[in-house]
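Input: a single structure, listed below in structure tokens.
The values are calculated or read from the model by the stated rules, or taken from the named source; none is laboratory data. Computed from a predicted model, the values in this text were never measured in an experiment. We place every Cβ from the backbone using ideal geometry, glycine too, and count neighbours over all the protein chains shown. What goes into the accessible areas is simple: the full protein's heavy atoms, side chains included, and nothing from ligands, DNA or RNA. Shrake-Rupley method; radii C 1.70, N 1.55, O 1.52, S 1.80 Å.
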Amino acid sequence: MKNTHALNTKLGRLVLLVAGLGLALTGCQPQAETRWQGYLEGEYVYVASPTGGRLQDLSVQRGQTVAVGAALFALDATLERAAAEQARQRLAQAESRWADLRKGQRPTELAAMDARLRQARAAAELSGLELERIGRLFRDNVLATEEYDRARISNERNLAQVAEMEAQLATAKLGARMDTLAAAEADVAVAKAAVTQAEWNLGEKAPVASEAGLVFDTFYRVGEVVPAGGPVVAILPPANLKVRFFVPEAERATLHAGDAVLVAISERAEPVRARINYLSPRPEYTPPVLYNRENRAKLVFMIEAEFDPSDSVELLPGQPVDVSR
């Protein structure tokens, strides 16, 4: 009995020792890295024209990389070109009228008025001399009062005519009145605005790339009619590529905006670094579930992270990824 009891005691100690060693070894092993599933998502720039028309030229194709300012497509702009030319001609007309009003009358017209003024002065001088002669005779009682009055009135009329001609000549040299000039200047401003609008409408018929990126898709062929505002080209700039991944409810509280994450993509040997910029406040789940303790494990939260544009040049939307800390 003593031998059996001693044997059982040794066996028990051995079992405890093995169990303790197993727990110690388990504690020394590294914990499995937490990975979340996700995919790459792109926010596209849809290029359209505010006015419709027939597609005359498509300068890009899917898969092509374009730079800023690259021509994308051109719609028929016959009406817009005609409207722009008409607006430019109206502007030239308004500017010419404004300049003409500012200058006053033409030199030949001013010369004719000056000649008439000299004639009026000569007539006034002659009538003045005649008035002096008749005045002496009138004072000597040689002529009647009627003759003197007639000479005096004639001289006054000639002097008034000289004053009128001088005023007309001075006015002709000044140009139009201030209110007339202001109206002409306003016409020029209106014409300039019409030219700006017409040229903008013409430019919108042939848009260029506002951002560099990948031509992800084209939606019309040459010859088809594009409706107003209908996108013709979709561009994906590198900065608009992001990763979306889904985190269980219990782990969402450990992530914050600005945290760095690693995005593993099957085509790349090394993960790509990204930074969290959005955490969805709403949970998502596949089947409709109640918020009980058993089903809460099925809830996940969508999180978005953005790449550095230099790291996302060769990435494509839709690629599945694994995200980790």
First compute the accessible area of segment 172-233 with a 1.4 Å probe, then give the percent of it belonging to carbon and sulfur atoms.
-> 60 percent
Calculate, for segment 68-149, the solvent-accessible area per residue in square angstrom, rolling a 1.4 angstrom probe over the heavy atoms of the protein chains.
-> 69 Å²
Peptides 257-263, 303-309: what's the order by average Cβ count within 10 Å, highest mean first?
-> 303-309, 257-263
Distance from the Cα centre of segment 123-179 to that of segment 196-274, in angstrom?
-> 88 Å
Sorted by average packing, counted as other Cβ atoms within 10 angstrom per residue and highest first, what order do 196-205, 219-228 take?
-> 196-205, 219-228
Within segment 101-198, trypsin sites (Lys or Arg not before Pro) in DSSP loop having at most 11 other beta-carbon neighbours inside 10 Å | 177
Report, to two decimal places, the Cα Rg of segment 124-230 normalised by 2.2 N^0.38 Å (N = number of residues).
-> 2.89
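Please give me the summed charge of the neighbours of residue 237: other residues whose Cβ is under 11 Å from its Cβ, Lys and Arg +1, Asp and Glu -1. Please report the intermediate quantities before stating the final value.
On the way: positive: none; negative: 43, 211.
Taking every other residue near residue 237 into account, the sum is -2.
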Amide H to amide H, which residues 5 or more places from residue 65 or on other chains are under 5 Å from it, using H placed in the peptide plane?
-> 215
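Express in % the proportion of alpha carbon pairs of segment 32-169 at distances exceeding 20 Å. Working shown, then result.
On the way: 7171 of 9453 pairs.
Looking at segment 32-169, the distances longer than 20 Å represent 76 percent of pairs.
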Radius of gyration and Dmax for segment 41-95's Cα atoms, expressed in Å?
-> 16.4, 55
How about residue 298: which aspartates and glutamates have a C-alpha closer than 18 Å to its C-alpha, ignoring those fewer than 8 places off in the same chain?
-> 249, 251, 284
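Write out the GluC sites (Glu not before Pro) in segment 251-285 meeting two conditions: DSSP loop, and at most 13 other Cβ atoms within 10 Å of their Cβ.
Passing both the DSSP loop test and the Cβ count: 267.
Solvent-accessible area per residue for segment 182-280 at a 1.4 Å probe radius, Å²?
Solvent-accessible surface per residue comes out at 51 Å².
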